[in-house]
Amino acid sequence: VPMSNSPLVTYTRLSPNRTRPRDHAIDTITIHCTAGQGTARQLLDQAHFVTYDPIGGVSCNYAVGKDGSIGLCVAEADRSWCSSNKENDHRAITIEVSSENVSPYKVTEQALAALIELCADVCQRNGIKKLVWSNDKTDRVDHRGGCNMTCHRDFAAKACPGDHLYALE
């Protein structure tokens, strides 16, 4: 079954920082925070997403703006370079969410509502029956107990997705 992208996308700016195609079925969602407020367009137009960098390059599948806008950065058929873990990025849809730039990295109500809608859409289109979160990092990383949500802090010394979103998951 060919992978499709979300019909909720309001802006597309594809990043050259990607691996084509992904080598695993989509079965995970990884939520990130941007540590800076912006619309989907403002987020995806940033140099670190649009400039090819085979060593330090970054990208995401989707970006959710502070206004609830949703941007496509890397097609779902491709792996983004997002969570500091190649294996996770091959199986996950990675979503950057506009947030404040200081802890706890709060997100707007519009961004949170769009994130929830996007997660539901991704799950529906990819046959994910439900999202399962664990407060145990090992459960998340090893997908124990059906866990299919991970976060950047699982794979790198990062605060991402910030304590605001982490507490909601």
(request) Report the extension gain between N135 and H24 in nm, rounded to one decimal, defined as 0.36 nm multiplied by the number of residues separating them, less their alpha carbon distance. (result) 37.5 nm
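Nearest 20 debye, what's the magnitude of the dipole of segment 1-155 about its Cα centre given +1 on Lys and Arg Cβ and -1 on Asp and Glu Cβ? The partial results should precede the final answer.
Working: 17 positive and 18 negative charges, 33 e Å.
Roughly 160 debye, rounded to the nearest 20.
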(request) Starting at the first residue of segment 6-14, write each ³J(HN,Hα) from the Karplus equation 6.51 cos²θ - 1.76 cosθ + 1.60 with θ = phi - 60°, in whole Hz, x for Gly and Pro. (result) 5, x, 7, 5, 10, 8, 10, 9, 6
(message) Strictly over 25 Å apart at the Cα level, which of K86/K106; K66/K129; K86/K158 would you flag in this model?
(response) K86/K106; K66/K129
(message) Using amide H atoms built in the peptide plane, which far-off residues or other-chain residues are under 5 Å from C33 H to H?
(response) V97
(message) Tell me the mean residue ellipticity at 222 nm calculated for the chain from its helices only (DSSP H runs of n ≥ 4, each -39500 (n - 2.57), averaged over every residue, nearest 500).
(response) -7000 deg cm²/dmol
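Using packing as a proxy for protection, rank 20-32, 60-72 so that the peptide with the highest average count of other Cβ atoms within 10 Å comes first. Walk me through the numbers before you get to the answer.
Details: 20-32: 18.8, 60-72: 25.8.
Highest to lowest by the protection proxy: 60-72, 20-32.
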(request) Step through the residues of segment 39-51 one at a time and calculate ³J(HN,Hα) from phi using the Karplus curve (6.51 cos²θ - 1.76 cosθ + 1.60, θ = phi - 60°), rounding each to whole Hz and writing x for Gly and Pro. (result) 6, 4, 4, 4, 5, 6, 7, 5, 4, 5, 8, 8, 9
(message) In segment 54-169, if the dipole is taken from +1 on Lys/Arg beta carbons and -1 on Asp/Glu beta carbons about the Cα centre, which of M149, G57, G68 is farthest to the positive end?
(response) M149
(message) How charged is the neighbourhood of C60? Take every other residue with its Cβ under 13 Å from the Cβ of C60, and add Lys/Arg as +1 and Asp/Glu as -1.
(response) -1
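We did not get these values from a lab; they are worked out from the coordinates using the rules stated. Remember, predicted model here, so these are calculated numbers, not experimental data. Cβ atoms come from the backbone with ideal geometry, glycine included; neighbour counts cover every protein chain shown.
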